[in-house]
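The values are calculated or read from the model by the stated rules, or taken from the named source; none is laboratory data. Being a predicted model, the structure only gives us computed values, none of them experimental. A quick note on method: Cβ atoms are made from the backbone with ideal geometry, for glycine too, and the neighbour counts reach across all protein chains shown.
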Amino acid sequence: MGGVTSSMAAKFAFYPPNPPSYNLVVNESNGKVGFSNVILKENVDVLKLCTKRGNEIVALYVKNPLASLTVLYSHGNAADLGQMYELFVELSIHLRINLMGYDYSGYGQSSGKPSEHNTYADIEAAYRCLEEIYGTKEEDVILYGQSVGSGPTLDLASRLDRLRAVILHSPILSGLRVMYPVKRSYWFDIYKNIDKIPLVDSPVLIIHGTSDEVVDFSHGKQLWELCKEKYEPLWVTGGNHCNLELFPEYIRHLKKFFSVIEKVPVLKNISKQSADQSELPRSSTDTREKSRSSVDQREKSRPSTEKLERSRLSADSNERSRSSTDKREKSRSSTDLKEKSRSSTDKRDKSRKSVDRPENCTNIIEQPERGRKSIDRFGGMMRSVALCNIDCFKPTGSKV
């Protein structure tokens, strides 16, 4: 039955560029692997990774010396690493992040054939590479899934409980729901994101164009409603499926998101260990906790990141209050019970004022934008890159 599912998925979901946009070459002077028609920067590594399903996939890692976070990017359909390279480099610079992208089995110069379960093994191999080769911690990883890439992204995110965050770019509810407005999940459907997103514990940012002609805008909205930890979404007015990077608000919103996520501590149970480090467990969506349905509608529409910001600011102010209180206690010698009581009351009042103060400190998170020229340069670069996923989920033989 699983074979039937993979066969169906291959027929209407996967369209790797043919021919691939790059070939692999080895630099004779330093032995590094590179792309035949792309001059790679010194801070870029090209790797070959083996998956648990026996395929060898190509991955690209962009290093930024100022980075504290790493993005694992699952690209959309009808694209490969040769086409995504310039975007990856620009995102690394503008967002001050390390970034790893990878080609799915059957894409670019990766071996094997595209299938749903192969993509799950592909992203797992890329994630293991971040841990084992680059020493990246789970709590410093942000998963980014674009279009069909939202499938492997949410599958992995639902099995990791200490991720820093998740970004979904023009995501799908499921493969079948892109073509038909079905109300339930069927066994032969692929990428059942609608069932997996309630299992994600990390903050989730969703970006979707309101004029998306391939994956309807309603997919992004419904996934956002099902998130446990919502971040303010970006609904790009007039944006379609393959041009959101051209809108100035795209990079602005990502910058704001990363500035918030960098400052917010990981609020997960970091003592929770995986039973088997060599195999990431995949739990059935039927046995995992479902999303809370009793939450007030007003709370649903409020970004959960506000909670995280208040938690961080409150923790900082309480720490300052405790430090100030300790100094006063050491310097003051109480000789009278009545005096002690008055001192205690004063401390509580001061502490209350200290806790109230962060309400006016939200400008710490809202950092000013760097020069407008950098955003214009980003947009100009994007116009020169072919990143269209218009063939996504197009039935075999149909024409756009």
Pull up segment 5-38, narrow it to residues that are more than 16 Å from Pro114 (Cβ to Cβ) and not in a loop (DSSP other than H, G, I, E, B), then point me to the one that is modelled with the lowest pLDDT.
Val38
Unmet criterion (only one of (1) of a type in the set (Val, Ile, Thr); (2) closer than 23 Å to Val264 by Cβ; (3) assigned to a helix (DSSP H, G or I)) for Ile123
(2)
Please go through segment 77-91 and give me each residue that is among the small types (Gly, Ala, Ser) and crowded, with 23+ Cβ neighbours inside 10 Å, ordered by number.
Ala78, Ala79
Out of the residues in segment 149-183 that are at pLDDT below 95 and either among the acidic types (Asp, Glu) or part of a helix (DSSP H, G or I) (or both), state the one that is nearest to the chain's Cα centre (by Cα).
Asp161
Go through segment 188-202 and report how many residues are aliphatic (A, V, I, L, M) and modelled with pLDDT under 95.
1
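Take Glu232 and tell me if it is touching a Pro at 6+ places or on another chain (Cβ under 8 Å) and assigned to a loop (DSSP other than H, G, I, E, B). Steps first, please.
Details: touching a Pro at 6+ places or on another chain (Cβ under 8 Å): yes; assigned to a loop (DSSP other than H, G, I, E, B): yes.
Yes; evaluated as a whole, the condition is true for this residue.
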(1) crowded, with 24+ Cβ neighbours inside 10 Å; (2) free of Cβ contacts under 8 Å to residues at least 60 places away in the same chain; (3) under 16 Å from Gly54 (Cα atoms): which one isn't true of Ala126, the others all being true?
(2)
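Could you run through segment 184-209 and say how many residues are over 13 Å from Gly151 (Cβ atoms), part of a loop (DSSP other than H, G, I, E, B) and aliphatic (A, V, I, L, M)? Write out each step before concluding.
Initially, segment 184-209 is screened for residues over 13 Å from Gly151 (Cβ atoms), giving 184-188, 198-209.
Then drop every residue that is not part of a loop (DSSP other than H, G, I, E, B), which leaves 184-188, 200-202.
Checking the rest, the ones that are also aliphatic (A, V, I, L, M) come to 200.
So the answer is 1.
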Which numbered condition Thr237 fails, given (1) surrounded by fewer than 21 Cβ atoms within 10 Å (Cβ to Cβ); (2) under 18 Å from Gly76 (Cα atoms); (3) in contact (Cβ under 8 Å) with a residue 24 or more places away in the chain:
(2)
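Could you check, for segment 169-186, whether at least one of its residues is polar (S, T, N, Q), without any contact (Cβ under 8 Å) to a residue 60 or more places away in the chain and closer than 25 Å to Val260 by Cα? Before you say what the answer is, go through the steps one by one.
So the first thing to find is which residues in segment 169-186 are polar (S, T, N, Q), and the list is 170, 174, 185.
Keeping just the survivors that are without any contact (Cβ under 8 Å) to a residue 60 or more places away in the chain gives 174, 185.
The next check asks that each one be closer than 25 Å to Val260 by Cα; those that pass are none.
No, every residue in segment 169-186 fails to be polar (S, T, N, Q), without any contact (Cβ under 8 Å) to a residue 60 or more places away in the chain and closer than 25 Å to Val260 by Cα.
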For the structure I just gave you, tell me whether Lys230 is more than 24 Å from Leu130 (Cβ to Cβ), within 14 Å of the chain's Cα centre (by Cα) and touching a residue at least 60 places away in the same chain (Cβ under 8 Å).
yes
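Answer yes if at least one residue in segment 203-210 is small (Gly, Ala, Ser), within 15 Å of Ile167 (Cα to Cα) and buried (at least 18 other Cβ atoms within 10 Å of the Cβ), and no otherwise. Steps first, please.
Applying the first criterion (small (Gly, Ala, Ser)) to segment 203-210 yields 209.
Restricting the remaining residues to those that are within 15 Å of Ile167 (Cα to Cα) gives 209.
Subsequent filtering for residues that are buried (at least 18 other Cβ atoms within 10 Å of the Cβ) retains 209.
Among the residues of segment 203-210, at least one is small (Gly, Ala, Ser), within 15 Å of Ile167 (Cα to Cα) and buried (at least 18 other Cβ atoms within 10 Å of the Cβ), which makes the answer yes.
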Condition met for Asn118 (touching a Ser or Thr at 6+ places or on another chain (Cβ under 8 Å), surrounded by 20 or more Cβ atoms within 10 Å (Cβ to Cβ) and polar (S, T, N, Q)):
yes
If we keep only residues of segment 217-227 that are of a type outside the set (S, T, N, Q) and either at pLDDT below 95 or not in a loop (DSSP other than H, G, I, E, B) (or both), then the residue farthest from the chain's Cα centre (by Cα) is Phe217
